[in-house]
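J.: Please read through the structure below; I'll follow up with questions.
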């Protein structure tokens, strides 16, 4: 059964600094998804990584996927306060022809001014 | 239109009540999902419907009863819930259940925040 783990669980960082969130998964998942969640809100899709070596960038966030290492990273460049949120990665596994999405533990990011 | 609509946004119910959560999407997605999310935890999968048929039930207690009346609608019927069932209930949909040939991106609704007294 697919298991997805993230680290760190909590991240407090100063504005302007760089940091990376790591997402490890236990079995084959040919796609990897990143979501953002603000307090009390739903999940917003950030990136869909479709294949090994995929790299996607949007603003100060960049996500990558290494399927051989079963690792995805979300890199934050020059953090700003607006990036404060919880970030989830999710893998996809097949069960009896149906796909289900398993979420990582989440990383709560707080960017300090 | 990339929207998943959930109603109600907030629901307070007693342990003897019967209520329903509703979810609607018009993106032509054929897979729909119910997730439960407790505070400071990741979303936890409850049910998956694929082509209007229940494909996955993650051993959810029978006091939660899903229903998919058509390809656009998904309901979650609630009966005799417990206070520990209080949570954010998220509906999501994806194209072709995430099969190859599509990105499989999950689109989430805003959620229904349920409080059981």
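The values are calculated or read from the model by the stated rules, or taken from the named source; none is laboratory data. What you are looking at is a predicted structure, and each value in this text was computed from that prediction instead of being measured. FYI the Cβ positions are ideal-geometry reconstructions off the backbone, even for glycines, and counts take in every protein chain you see.
J.: Please tell me if residue B:36 is within 12 Å of another protein chain (Cβ to nearest Cβ) and at pLDDT below 95.
T.: no
J.: If you don't mind, another one. What tally of residues in the stretch A:58-113 results from selecting those that are surrounded by fewer than 21 Cβ atoms within 10 Å (Cβ to Cβ), in a strand (DSSP E or B), away from every other protein chain (no Cβ under 11 Å) and without any contact (Cβ under 8 Å) to a residue 40 or more places away in the chain?
T.: Selection size over the stretch A:58-113: 5.
J.: Turning to a different aspect of this structure: Out of B:94, B:86, B:103, report the one residue that is in contact with a helix residue (DSSP H, G or I) (Cβ under 8 Å, 6 or more places away or on another chain), surrounded by 14 or more Cβ atoms within 10 Å (Cβ to Cβ) and under 30 Å from residue A:9 (Cα atoms).
T.: Result of the check over B:94, B:86, B:103: B:103.
J.: Filter the stretch A:11-43 down to residues that are closer than 23 Å to residue B:92 by Cα and more than 10 Å from chain B (Cβ to nearest Cβ) and give me whichever is farthest from the chain's Cα centre (by Cα).
T.: Here the residue is A:28.
J.: Within the stretch B:1-45, count every residue that is in contact (Cβ under 8 Å) with a residue 40 or more places away in the chain and buried (at least 19 other Cβ atoms within 10 Å of the Cβ).
T.: 14
J.: Counting only residues that are more than 21 Å from residue A:39 (Cα to Cα) and assigned to a strand (DSSP E or B), how many does the stretch B:22-61 have?
T.: First pass over the stretch B:22-61, keeping only residues more than 21 Å from residue A:39 (Cα to Cα): B:22-33, B:46-61.
Next, from what is left, pick out any that are assigned to a strand (DSSP E or B): B:22-25, B:31-33, B:46-50, B:53-57.
Count: 17.
J.: How many of the residues in the stretch A:44-57 are within 11 Å of chain B (Cβ to nearest Cβ) and either in a strand (DSSP E or B) or at pLDDT 95 or above (or both)?
T.: Here the count works out to 6.
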